[in-house]
Structure formats: C-alpha cells, structure tokens
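Heads up: the structure comes next, in structure tokens.
The values are calculated or read from the model by the stated rules, or taken from the named source; none is laboratory data. The structure presented is a predicted model; accordingly, all values stated were derived computationally and were not measured. Here Cβ is always computed from backbone atoms with ideal geometry, including for glycine, and neighbour counts include all displayed protein chains. Only protein heavy atoms, including side chains, enter the accessible area calculation; ligands, DNA and RNA are left aside. Shrake-Rupley method; radii C 1.70, N 1.55, O 1.52, S 1.80 Å.
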Amino acid sequence: MKRVIYPGTFDPVTFGHIDIIQRAMDLFDEVVVTVAKNPVKTNLFTVEERVEMLNESLKDFNNVIVDSFDGLIVDHAKQVGAVGIIRGLRAVSDFEYEFQMALMNRKLSNGIKTIFLMPHEKYTYLNSTIVRNLAQFDGDVSGFVPEIVINKLKEKSKDT
Ligand code: ADP
C-alpha cells in the first residue's frame, strides 16, 4: 500500500491541481491532499472552505483523502504514513523554489521522496492567483476550476 501526500495552499483548487492528483493516483494507491495552514499568507478562503472545495471536487475519486496541516510537511508525511511528497511543476519558473524545497525536505527526512509531476500543457499557465484575480473582476473561470469553486468565488465577491 503506497500512500503519497500532495501539499499546497489550494486557494482555491484548480483543474491544474486535479490533473496532478489524477497522475499521482495512477502511480500510487492513495493520495492525501493536504491543505497548508500558513498563518503568514493571507488567503481568500479559510482552511475549512479550501478543504470543503477539495472534498467536493474529488468526491468521485475513492483513493483520495483531504486533510490539513501546520508545521513541517515532512512531519505530516510521516504522520500519515506517506512514502513521498507530490509537487506539480508547471514551468521553469517553478523549478528553483521546488528544487530548494525538495532538497531541504530530503535533508530533514531522508526517507521521504519528492515526486514532481507535470500537468497537461493546457494547465501550465494556470494558478490560483490568476483564478482569484479573474473572479474579482467577474471574468469567466469556468474552464479553470470545478463548479463548487465557481459558486464559492461568487459568494465571496458578494460578501466583499
Ligand atoms: P499555487 O502555486 O497555484 O498557489 P499551491 O500552493 O496550492 O498552488 O500548489 C500546490 C502544488 O501544486 C505545487 O506543487 C504547485 O506547483 C502545484 N500546482 C499549482 N497549480 C498547478 C498547475 N496548474 N499545474 C500543475 N501543478 C500545479
């Protein structure tokens, strides 16, 4: 039974994230998608909202679990019994930061491997910030995020 962990901010989840999760599911028995509780970053959605959107978007995948964590990702990976950490690589611009993180995590815990996966080309330009900005100006985000996210973005823009 090989379990991996896929950490991220997921503010909100996009089709790019889901593409990576599907690829990870092809390789491993179980994928734990874990929302980082990062008090330094200001997010549009609360951790609970991000977990809810992930759960709804991934409800048809039965070997995916959604949770959240604070602290070191390698510690959480060990806690859930994961053999590795999944990260998505969109472009060269992701590489330097991801490379540093992977090497640091290896230093912290030699047993936990980092696995990089690339999404379909059509998602290589997609990130959560672009989606949030588009939604803020009433742009059409339907090609980029699941329906629950479209609805939650609409609710947020009503609140503000
Ligand atoms: P973002 O970088 O969009 O704020 P996250 O912090 O939630 O997203 O990212 C979690 C992981 O998913 C990271 O490894 C990131 O590189 C990857 N990722 C984010 N968007 C995409 C995408 N469109 N395609 C592939 N991987 C992605």
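Relative contact order for the range 3-159: what is it in percent, counting Cα pairs under 8 Å that are at least 6 residues apart?
30
Report, in debye and to the nearest 20, how large the dipole of the chain comes out about its Cα centre when Lys and Arg carry +1 and Asp and Glu carry -1 on their Cβ.
The dipole magnitude comes to about 460 debye.
Can you tell me the relative contact order of the range 1-72? Whole percent, Cα pairs under 8 Å, sequence separation 6 or more.
38
Describe numerically, in nm with one decimal, the distance between label points set 7 Å from Cα along Cα→Cβ at residue 101 and at residue 133.
Those two pseudo-labels are separated by 2.0 nm.
Mind checking the full-extension length gain between residue 116 and residue 55? Use 0.36 nm per residue of separation minus the Cα-Cα distance, one decimal, nm.
Result for the pair: 19.7 nm of gain on full extension.
Quick query: amide H of residue 114 versus all other amide H atoms, modeled in the peptide plane; which residues come in under 5 Å with a sequence gap of 5 or more or a different chain?
Answer set, sorted by chain and number: 85.
Step through the residues of the range 125-133 one at a time and calculate ³J(HN,Hα) from phi using the Karplus curve (6.51 cos²θ - 1.76 cosθ + 1.60, θ = phi - 60°), rounding each to whole Hz and writing x for Gly and Pro.
Running phi through 6.51 cos²θ - 1.76 cosθ + 1.60 with θ = phi - 60° gives 9, 8, 9, 5, 5, 4, 4, 4, 5 Hz.
Heavy-atom accessible area per residue, the chain, 1.4 Å probe: how many Å²?
Spelled out: the 1.4 Å probe surface of the chain, per residue, equals 57 Å².
Grab the DSSP H runs of the chain that are 4 residues or longer, score each as -39,500 (n - 2.57), total them, divide by all residues and round the 222 nm result to the nearest 500 deg cm²/dmol.
Per the formula, -13500 deg cm²/dmol.
Along its principal axes, what span do the Cα atoms of the chain show, with the longest given first and each in whole Å?
Projected onto its principal axes, the Cα set of the chain covers 46, 32, 31 Å.
Work out the charge dipole of the chain with +1 on the Cβ of Lys and Arg and -1 on the Cβ of Asp and Glu about the Cα centre, then indicate which of 99, 58, 39 is farthest towards its positive end.
99
Any lysines with Cα under 30 Å of the residue 41 Cα? List them, leaving off those in the same chain fewer than 8 positions away.
Those lysines meeting the cut-off are 59, 78, 107, 113, 122, 152, 154, 156, 158.
Ranked highest first by average number of other Cβ atoms within 10 Å, how do 131-142, 74-85 line up?
In decreasing order of mean packing, 131-142, 74-85 become 74-85, 131-142.
In degrees from 0 to 90, rounded to the nearest 10, what is the angle of the helix 47-57 Cα long axis to the longest principal axis of the chain?
Approximately 90 degrees, to the nearest ten.
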